[in-house]
Structure formats: structure tokens, C-alpha cells
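First comes the structure, then the notes that go with it.
The values are calculated or read from the model by the stated rules, or taken from the named source; none is laboratory data. What you see is a predicted model, and the numbers here were worked out from it, not measured in a lab. All Cβ positions, glycine included, derive from the backbone under ideal geometry; neighbour counts span all protein chains shown. These accessible areas exclude ligands, DNA and RNA; they are computed on the full protein's heavy atoms, side chains included. Shrake-Rupley method; radii C 1.70, N 1.55, O 1.52, S 1.80 Å.
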Amino acid sequence: MEDMILYNRLQFAFTITFHYLFPQLTMGLSLMIVYFKWKFLRTNNVVYNDASKFWMKIFALNFAMGVVTGIPMEFQFGTNWAKFSELTGGIIGQTLAMEGMFSFFLESSFLGMFLFGEKLLGHKLHFVAGFLVFLGSWASGYLILATHSWMQHPVGYEILENGKFVLNNFGALFNNPWLLPSYLHNQAGSLITASFFMAGVGAFYLLSNLHQQYGKIFLKTAVIFGLISSVAVAFPTGDLVAKNVVKYQPVTFAAMEGIFETEHGGAEIILIGQPDMKNKKLDNKIAVPNVLSFLTYQRWNATIKGLNEFDESIHPTNVPGLYYSYHIMAGLGTIFIAVMAIAAFLLWRKKLYHTKWILWAMMFLIPFPYIANTAGWYTAELGRQPWLVYNLMRMVDGISPTVSSGNTLFTLLGFVGLYLLLGLLFLMLVLKIIRKGPETKVALK
């Protein structure tokens, strides 16, 4: 049974991690594409129009990869987690179906119009098509997060005698106090990914003396969006998410922060440390006194409960994994704010395009928002363990009883091999698009 749970978790973790590499770029990129098209309508500068179409090519490639990798993930609800789907399908099936029927079809339909219908539509309707792609992309994220938020903080449900969950308050799904902070935090994270990706491409063009005009526009736009989203992911969105964890999952908060013993009179915030699960302490820690209490309760001497206050049966399954995921996310987020603030200062001083070290830094940092977003999702998922639905359904109660651990391990290895090939193909195509650069055409009248 333990092997079965482990392999099911590993397979879903791998497939969803790989899948989310693509939506996190498309959601942020969709807003920036709309911005470029809007700038073109305002200025009639064809460079902005070319920029919107260039980035839509990369968007479309990411969208296709997201669809290809998302379908197997959906099937796992029926293969690996059949009992979970059977018992909770009356609730999570509604939001997942809405995401597929409304958001996905909206996004995919108008993506085709944006890619191929510019001459037919004209620029104003072409902008509308781009805006609807953005709307579908962000609505998709909202409905997925509504599902996730219900698993983190279940609301508006009742449990029948046969153990099935049914929804008795549809509005509660979308008024869930967990939903809006999580959604805004997630979207800010996707904007960070798109901003650093665009900044890296712009920096590459400037350093390589390729498409200089576009490189400057990409870099300027990315720095502005990147600074705003990097700050927003920490405050207010990250702060609101953390306060939800404190309120609804205090044991998770203790594990995230590495607090084993309750700290009275003010809790320190841990910058560096290694959890020692045997002795229930942090080794080699570097901490700042009382800061965690202030950030959490706005009081320097507020008490923060430690893991010792909670029964071990409800402790997160993997405390070190949760602790490290959270600190990787928070540490990288701090770096993003610092880098974007420096880049914005150099942009203001008109030195950004000629300062090579910051251009190299932008290129080097392209993968790190992906790491930070992945660590953020691991924090959320590891923090909910050992529950599938928090405080209501454990992992062991949601797996498929008829799927063996051997079958799951075999298909996991198959996914690893297949996704490796898909990933290499994706990188080759993206690099080809970037190398070719935007296509300059005369604006339509």
C-alpha cells in the first residue's frame, strides 16, 4: 500500500510539474501580448504589433504543449485516484468541467483568430481576439485554483451516507476565502515567469546585436511588468496566502517556517537552516528575532505555535521537503525583487541597454522563476499532506484500489521518457523562433 501511494504521488507530481511549465508562461505572456497590441493601436508604431505577433507564436507553442501534457494528467484522476474522483467528483468535477468547456474553448478559439486572422479582422478586432485569449487564459487559472482551494479549505459541501461529497452551496466555491489570495499570488508568479523570459530574450538580442529595436522594447516592457509582479507576489498576495495558512492550516505554517517548539514572546524568522527530524530542531540556523511574529500578527511579541502543539498524525508527511520548498520560493522571490529593482533604476537612468552585467543576469535568470513557481506549488501540495481534502480525506482513502504499484511505476517511467523527448523538441522550436526574431511588416490600414 505504501509503494502504491508513493508511486501514484510521484507520477502525478511529475506530470503536473512538467505540465505547469507551460501555463505559467502563457498566463503571464497573454497580458503582455495584449499590452503590445494596445500600444500599437495607441501609437501606430508597427514594432509593437510585430512584438505582439512574435510573442503569440511562443504563446501558441506553449499552449499546445500545455494541452498535450494536461490531458494525461486529467486521466490520472480516473486511473490513479479513482476513489478520490468518485467521492469528490460532484464538487471538483464542476469547476474542472467549467474550465474545459468555457475557459479552454475561449482561449483556443480566439488564439487561432489572433494567429491567422489579422488581415480579416483588422487591428481593432485583432486586439479583441488577443484580449479574449488573455481572458480565457486567466479564467482557466481561476477555475483550476477554485478546485485546488476547495481541497485546501473545503466549503459549501455535505457528505452523504455513502461517503460522497456533494455541493450544497455553489456560490461558496467562488467565495472561498482561500481562493482569491491564491489566485492573485499564482497570477503574479506567472507574470514573473513571462517577464524574466521576455527580459532574457531582449537581453540576448542586445548582447548579440540582433533585432536591437525589439530587444530594447522587450527589455523595457519586461522590467516594468517584472518589478510590479515581483513586489506583488510578496505583498500583498504572498502575505495574504500566508495569513490563510496561519488561520486554516497552522500545523502547515509551523512546518513551513521550521518551528518545532512554540515560540512565546516573539518568533524569529528563519533565513537558513536544516530540519533535523530526529531531534525536532533546526541545525545551523540563521534567524532574525521577532520578525515572523510581526509579519504574521503585526505584533513583535506574538506567539507562534510550533509542531509540538499538534498531534503527529496530522503533521505534514514530508516536513523537510515542505520547509525547503517554501524557503526556495521565498528566497528566489527576494532575488527577483532586487534584480528587477536594479534593472528599473538603470532603465530610469537610461543605462539599462548598455550595462552588460545586468543583461547577462537577465539571461541567466530565465529558468529561476520556473523553479520558484514549482517550489511554490510543492509548498501548497506538501503542506496539505497527508490530506487529499484537508481534514476530511487522507491520501490512502483516495487511491485506485485496482491499479497496482508496478503498473504505476511502469507508466511513470514511460512519462519520463516521453516528456524528455517533448521537452527537447519544445526547446528546439522555441530557440528557432527566438533566433529568427520578430517579422517586420508594414502596418495595415
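Which residues, counting only those in the stretch 110-150, are open to solvent by less than 10 Å² (accessible area, probe 1.4 Å), of a type in the set (A, V, I, L, M, F, W, C) and without any contact (Cβ under 8 Å) to a residue 40 or more places away in the chain?
Scanning the stretch 110-150 gives a single hit, A129.
Given L388, L409, which one is of a type outside the set (D, E, K, R), surrounded by 15 or more Cβ atoms within 10 Å (Cβ to Cβ) and not in a helix (DSSP H, G or I)?
On the way: L409 fails: not in a helix (DSSP H, G or I).
Residue meeting the stated conditions: L388.
Do we find a residue being assigned to a helix (DSSP H, G or I), touching a residue at least 12 places away in the same chain (Cβ under 8 Å), closer than 22 Å to Y183 by Cα and not basic (K, R) anywhere in the stretch 39-47?
If we filter the stretch 39-47 for residues that are assigned to a helix (DSSP H, G or I), which is where we start, we get 39-43, 46-47.
Checking the rest, the ones that are also touching a residue at least 12 places away in the same chain (Cβ under 8 Å) come to 40-41, 46-47.
With closer than 22 Å to Y183 by Cα added as a condition, the list becomes none.
No, the stretch 39-47 contains no residue that is assigned to a helix (DSSP H, G or I), touching a residue at least 12 places away in the same chain (Cβ under 8 Å), closer than 22 Å to Y183 by Cα and not basic (K, R).
If I go through the stretch 177-201 residue by residue, how many of them are among the aromatic types (F, W, Y) and surrounded by fewer than 24 Cβ atoms within 10 Å (Cβ to Cβ)? So that I can check it myself, show each step before the final result.
Step one: list which residues in the stretch 177-201 are among the aromatic types (F, W, Y), which gives 178, 183, 196-197.
Among the residues that remain, those that are also surrounded by fewer than 24 Cβ atoms within 10 Å (Cβ to Cβ) are: 183.
Going through the stretch 177-201 one residue at a time, the tally reaches 1.
Of the residues I228, I217, only one is free of Cβ contacts under 8 Å to residues at least 40 places away in the same chain and part of a helix (DSSP H, G or I); which?
Working: I217 fails: free of Cβ contacts under 8 Å to residues at least 40 places away in the same chain.
Selected residue: I228, the only one of I228, I217 that is free of Cβ contacts under 8 Å to residues at least 40 places away in the same chain and part of a helix (DSSP H, G or I).
Would you call D50 farther than 18 Å from I433 by Cβ, among the acidic types (D, E) and in contact (Cβ under 8 Å) with a residue 24 or more places away in the chain? Before the answer, list the steps.
Numbers: farther than 18 Å from I433 by Cβ: no; among the acidic types (D, E): yes; in contact (Cβ under 8 Å) with a residue 24 or more places away in the chain: yes.
Spelling it out, it is not the case that D50 is farther than 18 Å from I433 by Cβ, among the acidic types (D, E) and in contact (Cβ under 8 Å) with a residue 24 or more places away in the chain.
Considering only residues that are under 18 Å from V251 (Cα atoms) and not aliphatic (A, V, I, L, M), which ones fall in the stretch 369-383?
Within the stretch 369-383, G376, W377, Y378, T379, E381, G383 qualify.
If I ask for residues that are among the charged types (D, E, K, R) and within 28 Å of the chain's Cα centre (by Cα), which ones from the stretch 255-267 would you list?
Going residue by residue through the stretch 255-267, those that are among the charged types (D, E, K, R) are 257, 261, 263.
The one that is among the charged types (D, E, K, R) and within 28 Å of the chain's Cα centre (by Cα): E257.
How many residues does the stretch 63-109 contain that are under 19 Å from the mean Cα position of the chain (by Cα) and open to solvent by 40 Å² or more (accessible area, probe 1.4 Å)?
Counting residues in the stretch 63-109 that are under 19 Å from the mean Cα position of the chain (by Cα) and open to solvent by 40 Å² or more (accessible area, probe 1.4 Å) gives 6.
Restricting to the stretch 17-46, name every residue that is open to solvent by 10 Å² or more (accessible area, probe 1.4 Å), farther than 21 Å from N186 by Cβ and not aromatic (F, W, Y).
Within the stretch 17-46, K39, L41, R42, T43, N44, N45, V46 qualify.
Within the stretch 319-336, work out how many residues are crowded, with 17+ Cβ neighbours inside 10 Å and either among the β-branched types (V, I, T) or under 19 Å from Q274 (Cβ atoms) (or both).
We begin by selecting, within the stretch 319-336, every residue crowded, with 17+ Cβ neighbours inside 10 Å; these are 319, 321-330, 332-333, 336.
If we keep only those that are either among the β-branched types (V, I, T) or under 19 Å from Q274 (Cβ atoms) (or both) too, we end up with 319, 321-330, 332.
Of the residues in the stretch 319-336, 12 are crowded, with 17+ Cβ neighbours inside 10 Å and either among the β-branched types (V, I, T) or under 19 Å from Q274 (Cβ atoms) (or both).
Keeping to the stretch 244-258, report how many residues are of a type in the set (D, E, K, R) and either surrounded by fewer than 16 Cβ atoms within 10 Å (Cβ to Cβ) or in a loop (DSSP other than H, G, I, E, B) (or both).
If we filter the stretch 244-258 for residues that are of a type in the set (D, E, K, R), which is where we start, we get 247, 257.
Next, from what is left, pick out any that are either surrounded by fewer than 16 Cβ atoms within 10 Å (Cβ to Cβ) or in a loop (DSSP other than H, G, I, E, B) (or both): 247.
Counting residues in the stretch 244-258 that are of a type in the set (D, E, K, R) and either surrounded by fewer than 16 Cβ atoms within 10 Å (Cβ to Cβ) or in a loop (DSSP other than H, G, I, E, B) (or both) gives 1.
L424 - would you say it is aliphatic (A, V, I, L, M), open to solvent by 60 Å² or more (accessible area, probe 1.4 Å) and in a helix (DSSP H, G or I)? Walk me through it before giving the result.
Numbers: aliphatic (A, V, I, L, M): yes; open to solvent by 60 Å² or more (accessible area, probe 1.4 Å): yes; in a helix (DSSP H, G or I): yes.
Yes: the conditions hold for L424.
For the stretch 202-220, give me each residue that is on the phi < 0 side of the Ramachandran plot, of a type outside the set (D, E, K, R) and open to solvent by 10 Å² or more (accessible area, probe 1.4 Å).
F204, L206, L207, S208, L210, Q212, Q213, Y214, I217
Which condition breaks for P401 when tested against (1) in contact (Cβ under 8 Å) with a residue 12 or more places away in the chain; (2) more than 20 Å from the chain's Cα centre (by Cα); (3) surrounded by fewer than 17 Cβ atoms within 10 Å (Cβ to Cβ); (4) part of a helix (DSSP H, G or I)?
Of everything listed in (1) in contact (Cβ under 8 Å) with a residue 12 or more places away in the chain; (2) more than 20 Å from the chain's Cα centre (by Cα); (3) surrounded by fewer than 17 Cβ atoms within 10 Å (Cβ to Cβ); (4) part of a helix (DSSP H, G or I), P401 misses just condition (4).
So in the stretch 282-318, with the set limited to residues that are assigned to a strand (DSSP E or B) and in contact with an Asp or Glu (Cβ under 8 Å, 6 or more places away or on another chain), which one is least open to solvent (accessible area, probe 1.4 Å)?
Among those residues, the one meeting the criterion is I304.
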